[in-house]
Structures are given as structure tokens and as C-alpha cells.
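The values are calculated or read from the model by the stated rules, or taken from the named source; none is laboratory data. None of these values were measured; they are calculated from a predicted model. With ideal geometry, Cβ positions are generated from the backbone for all residues, glycine too; neighbour counts draw on all protein chains shown. Only protein heavy atoms, including side chains, enter the accessible area calculation; ligands, DNA and RNA are left aside. Shrake-Rupley method; radii C 1.70, N 1.55, O 1.52, S 1.80 Å.
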Amino acid sequence: MFKTVKSSEISIAELMLPSHTNFSGKIHGGYVLSLLDQIAFACASKYSGYYCVTASVDTVDFLNPIEVGELVTMKASVNYVGNSSMIIGIRVESENIQTGLIKHCNSSYITMVAKDSEGKNASVPGLILSNSEEVRRFFNCLKQIEQKKERNRHKATFDFKSEKAATELKKYNVKLEIK
């Protein structure tokens, strides 16, 4: 079975309240992360028909601050599917409801995994790509997956205790004082 990207689309909107702020009076990034996780769950579950869990928060780019009193809208869709995994792309915009000014505040990619009633990974529908933007997003996800694999290979093979590693650190603003 295959489903369209459009069938996965979901959006939420919420007015930002003073209780959502950090110490500088802007909306707390942790609160935004909580909303991102909620919409990723809803999007993945809607698309797959299964309960879904967060496997990884792959990218969270905070681009502009969100102010108290702004209306925040999050739009999510499935950008990639594997066997049981899906990468959900989320765009966050804030709107000053008095002036109508809209800001792009955040772009995020979250990997979700579908689970059956026994907690085992469940197969998700294939993805129908209907336009060049959906194709672009899919290929971006392939690149993201490859970068994650490369990071894991690096962690597994790089000897951070080697002389080469110590020499490499001299390029950076660090001082090595290992006893």
C-alpha cells in the first residue's frame, strides 16, 4: 500500500502565553520542542495507522525567537519512509496577530517509528511523491540518513586517545589537561 505525502499533512496552532517563556521573556525552546514532538507523533500516527514513538530528533534549527502573544502554527508532513520509520518535516511559523507579520521560526526533522499492539516495529505504507518539492525533501532525508550513518561509523572507528587526535585539537579553542 502507498499513501501520498498530502495524506500525512497536519497542522496545529497555539497562542503563546507568558507561562511558556524562558528567562529572557521569549518562548522557551523546550516548550517548542514539546510541541514538535506532539505534532510529529500525530503526523506519523495519522500516516501509518499505528502508535508511533520518537526514535530521534534529527534537526532542530531555531531561526527566530517567538514572542508572547504570537500565534504559532506548526505544519508537519512525512518526508521519508523506511520499513517502519518515517522522517517527519515540521515548519514552525509565528504570527503577530495584531500586525499580521509572519516569521519562519523553526525547521525540524524527527524520526518516528511505528509500533504494533505488541510493541514491535510495524510496516508503514510506501510514500507517493507527487511534486518536485516532495522529491527534494525525500532526497534531503536520504542525505540526512547517510550523514547519521557516517557519524556512527566515525564514533566506532575514531581513536580519540591517539596522538593524531591530540594534534587535531590544537586547531581549536581548547586546552588539553588529561591526567
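Points to keep in mind about this one:
- Checking each residue in region 60-85 for being closer than 22 Å to ASN131 by Cβ, over 13 Å from the mean Cα position of the chain (by Cα) and of a type in the set (A, V, I, L, M) picks out only VAL81.
- All positions within region 130-141 that are surrounded by fewer than 17 Cβ atoms within 10 Å (Cβ to Cβ), closer than 19 Å to PHE2 by Cα and of a type outside the set (Phe, Trp, Tyr): SER130, ASN131, SER132, GLU133, VAL135, ARG136
- Selection status of VAL57, under 23 Å from GLU133 (Cα atoms), in contact with a Leu (Cβ under 8 Å, 6 or more places away or on another chain), open to solvent by 70 Å² or more (accessible area, probe 1.4 Å) and free of Cβ contacts under 8 Å to residues at least 60 places away in the same chain: yes
- Single condition HIS104 does not satisfy, out of (1) in contact (Cβ under 8 Å) with a residue 12 or more places away in the chain; (2) more than 15 Å from ALA13 (Cα to Cα); (3) of a type outside the set (A, V, I, L, M, F, W, C): (2)
- Within region 150-179, residues that are closer than 27 Å to ASP58 by Cβ reach no partner that is surrounded by 10 or more Cβ atoms within 10 Å (Cβ to Cβ) and of a type in the set (Asp, Glu) with beta carbons closer than 7 Å at six or more positions or on different chains.
- For the residues SER45, SER7, SER24, the requirement of being over 18 Å from the mean Cα position of the chain (by Cα) and closer than 23 Å to ASP116 by Cβ singles out SER7.
- Selection within region 101-110 - crowded, with 23+ Cβ neighbours inside 10 Å and polar (S, T, N, Q): ASN106, SER108
- Flag not set for GLU118, criterion: modelled with pLDDT of 95 or more, more than 15 Å from the chain's Cα centre (by Cα) and open to solvent by less than 100 Å² (accessible area, probe 1.4 Å).
- Within region 27-76, tally of residues that are more than 13 Å from ILE110 (Cβ to Cβ), among the polar types (S, T, N, Q) and part of a strand (DSSP E or B): 1
- Across region 84-100, a minimum of one residue is classified as among the β-branched types (Val, Ile, Thr) and open to solvent by 80 Å² or more (accessible area, probe 1.4 Å).
- The residue pairs whose first member lies in region 125-136 and is at negative phi, whose second member is open to solvent by 70 Å² or more (accessible area, probe 1.4 Å) and in a helix (DSSP H, G or I), and whose beta carbons are closer than 8 Å, counting only pairs six or more residues apart or on different chains, are SER130/LYS6.
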